[in-house]
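**Student:** Take this structure first; my questions come after.
The values are calculated or read from the model by the stated rules, or taken from the named source; none is laboratory data. Computed from a predicted structure; not experimentally measured. Glycine also receives a Cβ, built like all others from the backbone with ideal geometry; neighbour counts cover every protein chain displayed. Heads up: the accessible areas ignore ligands, DNA and RNA and are worked out on the full protein's heavy atoms, side chains in. Shrake-Rupley method; radii C 1.70, N 1.55, O 1.52, S 1.80 Å.
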Amino acid sequence: MSTVAEPLSLLGLARAAGEDAVGVPGTDLEVRSLRRPRRATTAEPAWLLVLDGRLIVDLPHGDFRILERGDTLHLPAGLEVALQSVDDDAVVLWRGALAT
């Protein structure tokens, strides 16, 4: 018989890690609290999900997206982006390699 794990607060996990990405146990997902602007490049296709706050994703050629809590965005491989929270911080969950 398998057991069910205890609940895990992704917001708490991200904020406890500071500005470092932290893996979500038992998954290939990572969560991060973004407090300052940072550049990132997708090594493979990636999905971003904003768990809390608002996030500006600056894309190449002057394009951008503003994501609010609950919004997702698919990024193709090899894309360089700049990520910046709108307010104090934005907590972002992603799947796929996102090197910052």
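**Student:** For L67, state whether it is under 12 Å from the mean Cα position of the chain (by Cα) and either surrounded by 13 or more Cβ atoms within 10 Å (Cβ to Cβ) or of a type in the set (S, T, N, Q) (or both).
**Tutor:** It is true that L67 is under 12 Å from the mean Cα position of the chain (by Cα) and either surrounded by 13 or more Cβ atoms within 10 Å (Cβ to Cβ) or of a type in the set (S, T, N, Q) (or both).
**Student:** Now a separate question. Quick one: E44 ticks every box in (1) under 16 Å from A21 (Cβ atoms); (2) out of contact with any Asp or Glu (no Cβ under 8 Å at 6 or more places or on another chain); (3) open to solvent by 30 Å² or more (accessible area, probe 1.4 Å); (4) in a strand (DSSP E or B) bar one, so which box is it?
**Tutor:** All conditions are met except number (4).
**Student:** Can you find, within the range 1-22, the residue that is modelled with the highest pLDDT among those that are assigned to a loop (DSSP other than H, G, I, E, B), small (G, A, S) and within 16 Å of D52 (Cα to Cα)?
**Tutor:** Of everything passing the filter in the range 1-22, S9 is modelled with the highest pLDDT.
**Student:** Another question, then. So, of the residues in the range 23-41 that are out of contact with any Ser or Thr (no Cβ under 7 Å at 6 or more places or on another chain) and in a loop (DSSP other than H, G, I, E, B), which turns out to be least open to solvent (accessible area, probe 1.4 Å)?
**Tutor:** V24
Residues are listed down the side, and each one gets a yes or a no for (1) in contact with a strand residue (DSSP E or B) (Cβ under 8 Å, 6 or more places away or on another chain); (2) aliphatic (A, V, I, L, M):
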| residue | (1), (2) |
| --- | --- |
| V31 | yes, yes |
| T41 | yes, no |
| E44 | no, no |
| G62 | no, no |
| L73 | yes, yes |
| D88 | no, no |
| V91 | yes, yes |
| G96 | yes, no |
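**Student:** OK, next. Identify all residues within the range 1-56 that are among the hydroxyl-bearing types (S, T, Y) and within 17 Å of L79 (Cβ to Cβ); write none if there are none.
**Tutor:** The first filter runs over the range 1-56 and keeps only residues among the hydroxyl-bearing types (S, T, Y), leaving 2-3, 9, 27, 33, 41-42.
Scanning the range 1-56 gives T41, T42.
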